[in-house]
1. Ordering Thr290, Thr176, Thr90, Thr190 by accessible area with a probe of 1.4 Å, largest first, what comes out?
2. Run the numbers for Thr44 and Met220: contour at 0.36 nm per residue of separation, minus the present Cα-Cα distance, in nm.
3. Around Arg102, what is the net charge, scoring Lys/Arg as +1 and Asp/Glu as -1 over all other residues with Cβ under 13 Å from its Cβ?
4. Measuring with a 1.4 Å probe in the full set of protein chains, what accessible area per residue, in whole Å², belongs to the stretch 160-203?
5. Which value in nm describes the separation of the simple spin-label points at Glu151 and Ile272, placed 7 Å from the Cα toward the beta carbon?
6. Given H placed 1.01 Å from N in the peptide plane, which residues other than close sequence neighbours of Phe127 have an amide H under 5 Å from its amide H?
7. When only the heavy atoms of the protein chains count and the probe is 1.4 Å, how do Leu33, Leu166 rank by accessible area, highest first?
8. First select every other residue whose beta carbon is under 10 angstrom from the beta carbon of Thr68; then total the charges, Lys and Arg +1, Asp and Glu -1.
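The values are calculated or read from the model by the stated rules, or taken from the named source; none is laboratory data. All values derive from a computational prediction rather than experimental measurement. Because the Cβ atoms are built from the backbone with ideal geometry, glycine has one as well, and the counts that use them run over all protein chains shown. Side chains included, ligands, DNA and RNA excluded: accessible areas come from the protein's heavy atoms. Shrake-Rupley method; radii C 1.70, N 1.55, O 1.52, S 1.80 Å.
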Amino acid sequence: MSRYINPFTDWGFKRLFGQEFSKDLLISFLNDLFEGELHIKDVTFKDKEQLADTKDLRGCIYDVFCETDDGKHFIVEMQNNRTVNFVNRTLCYASKAITSQREKEKTKDEPTFYELVPVYVVSFMNFLPHAEDEVSEFKTDVMLREKGSEEAFTDKLRFIYLNLPLFKKKAEECVTDFEKWIYVLKHMATLERIPFETQKKIFKRLAEVADSRCLSKEEMEKYEESQRQVTNYNLGMYSAWQEGNQKGKIEGIAKGIAKGRTEGELSKSLSIAHNLLLMGMSLEQVSQVTGLTKEQLKEMKKG
């Protein structure tokens, strides 16, 4: 058992970023993520039922209602784990968060007209992207903009994808607090000590919350079950990849053999046709004997 929990199990992710007792970690992480843009003073978990234990690996997704120092509000949708059509899924959840505001607005005695708070989707991607994936950088920050302009068209919708395998910095190379967060989260399950504790006290707090030795028996059982789910999921994905890869190899070999046969037969027919033409047979006669078309024979004669 490693000293610190794996933050990319559903249970570990929720312990760090999805509970009241550890919301100071979430506030600090989000403030470092949005450094220079805004400063969050408090967060509220909109739907605590979404923080219940899950039995699958669809990923941890929940709404966090954020309030900034200057009185602004926005919703953050946090999520973890790979799914099929990952980016499409983030679009669906962001759309749901937008439309649910409108539905609640309709129930008011005096409804307003589409007064929406912004929705930001922050996605942790602890897996390498596929070649066809839209996300190919460590940090991909997407907003709605007018084509050809750098100005935001609206601030109501934003997607931030953090692909940890593409973060290559070593501990000593991390300069910003956000980079330090990413380094710790990426390597937490293998660390013997959380770095940066003396530089920023939130990392000492993180070490306390993430220390597996401090878990109760019940918490440890839930964490171990979450780890087993991750292991089984990854084994299933690897088996499927192996099966598909092997199938692709077999199909490739079969296609190569078929192509070789076809090319060999064509070469043999061309050789026979060449000899027959030298013997003075007409194109029509040679075509009947070899199965080659007159056009193929004419091209051969030109050559």
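1. Thr190, Thr176, Thr290, Thr90
2. 60.7 nm is the gain from fully extending Thr44 to Met220.
3. With Lys, Arg at +1 and Asp, Glu at -1, the neighbours total +2.
4. The answer is 51 Å² per residue.
5. Going by the 7 Å Cα→Cβ label model, 7.5 nm.
6. It is Leu164, by chain and number.
7. Leu166, Leu33
8. -3
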